[in-house]
Structures are given as structure tokens and as C-alpha cells.
Amino acid sequence: MTQANQSSFVYVTFIRTTPQRLWSALTDPEQMKEYWFGMRIEADWKAGGPWKLIFPDGRTADSGQITEFDPPSRMVIRWRHELSPELQAEGYSRCTMELEPVADTVKLTITHAIDRADSQFIGKVSGGWPRILSNLKSLLETGQIILTR
């Protein structure tokens, strides 16, 4: 969905797990490294807390602040890319993660948006999120990731 002054990407998946187990996978640094291609998360898991996504070599890929934190149902992160000057110049985006129990699954909706038309950053995350979330779903349902890069 793109409005004249906004770019956004929405991804919805259903994962056979519990909201608590999915929430843990979304916030636990060790679990995240498994499905997020070795990336490490550093965060103070509360509203107002800092947040960073770090490559295995120590470089900060993305950073921001947690603006909403309501376990195990909703989290919003103010998110900015740090490596590419062009993407960094676009400023902060919003990543909203919503978990909703549906029968024996959890509906996970990721909405990543920025107040900028034709955002290059949103173009990049629209390729990354499906890979990351496919790994997350597979890890929680089978114990194994499916993509290594």
C-alpha cells in the first residue's frame, strides 16, 4: 500500500505456535540469531527503550527505539537504517508487529511504513521480511530454518 506521502509493506503469516512462544522468538537475541541470518539484536524491551540490529561483524545495521511494547500482542519500533547513506537519509520508519491467536496458530502481521513516497528503504525491507519470517515460521514449527542467506 502506498499513499502519496507514505510507503509501506505488510506481511501476514500464520504460525502454528502460541503467542508467548512467538513473542519470545521475536524478542530473544539468541533465538533471533537463528532465523535472522546471524544478526544480533540489542534492545531494552520496553516502551522508550533503545533498539539495535547488529551484523555478526559488529556493524550496526539498523537502530531506533521501541515506541510501543505490549507483550504478547503488539510492538512498534521506530527504525532507521544505519549503513547506506541513501537509506539513512530517508529517516525513521515504523515497524509494527501484531500477534493474534487464531485457532491453533498465531497470525503475525508485520507492517513496515515510512512517511515518504517511493521509499528505497521500504523496497529493501519488502525483500528481507519474507525471508526472515519464512525462517521464523519454519524454526517454530519444525525446529529448523529453511534459508541460510
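Computed from the coordinates by the stated procedures, all read-outs in this text should not be read as laboratory data. The structure displayed is predicted, hence computed values, not measured ones. Methodologically, a virtual Cβ is constructed for each residue, glycine included, from the backbone with ideal geometry; neighbour enumeration extends over all protein chains shown.
Here are a few things to note about the model shown:
- Residues (assigned to a helix (DSSP H, G or I), surrounded by 17 or more Cβ atoms within 10 Å (Cβ to Cβ) and in contact with a helix residue (DSSP H, G or I) (Cβ under 9 Å, 6 or more places away or on another chain)) located in the stretch 105-130: PHE121
- Candidate set from the stretch 79-106 (those that are of a type in the set (D, E, K, R) and touching a His at 6+ places or on another chain (Cβ under 9 Å)); member that is farthest from ILE66 (Cα to Cα): GLU90
- Scanning the stretch 56-102 for residues that are among the acidic types (Asp, Glu) and within 18 Å of SER119 (Cα to Cα) gives ASP62, GLU82, GLU86, GLU90.
- Among the conditions (1) assigned to a helix (DSSP H, G or I); (2) more than 23 Å from PHE69 (Cβ to Cβ), the only one that LEU133 does not satisfy is (2).
- Strands (runs of 3 or more DSSP E) wholly inside the stretch 4-64 that include at least 1 residues being surrounded by 13 or more Cβ atoms within 10 Å (Cβ to Cβ) and touching a Leu at 6+ places or on another chain (Cβ under 8 Å): 6-15, 40-43
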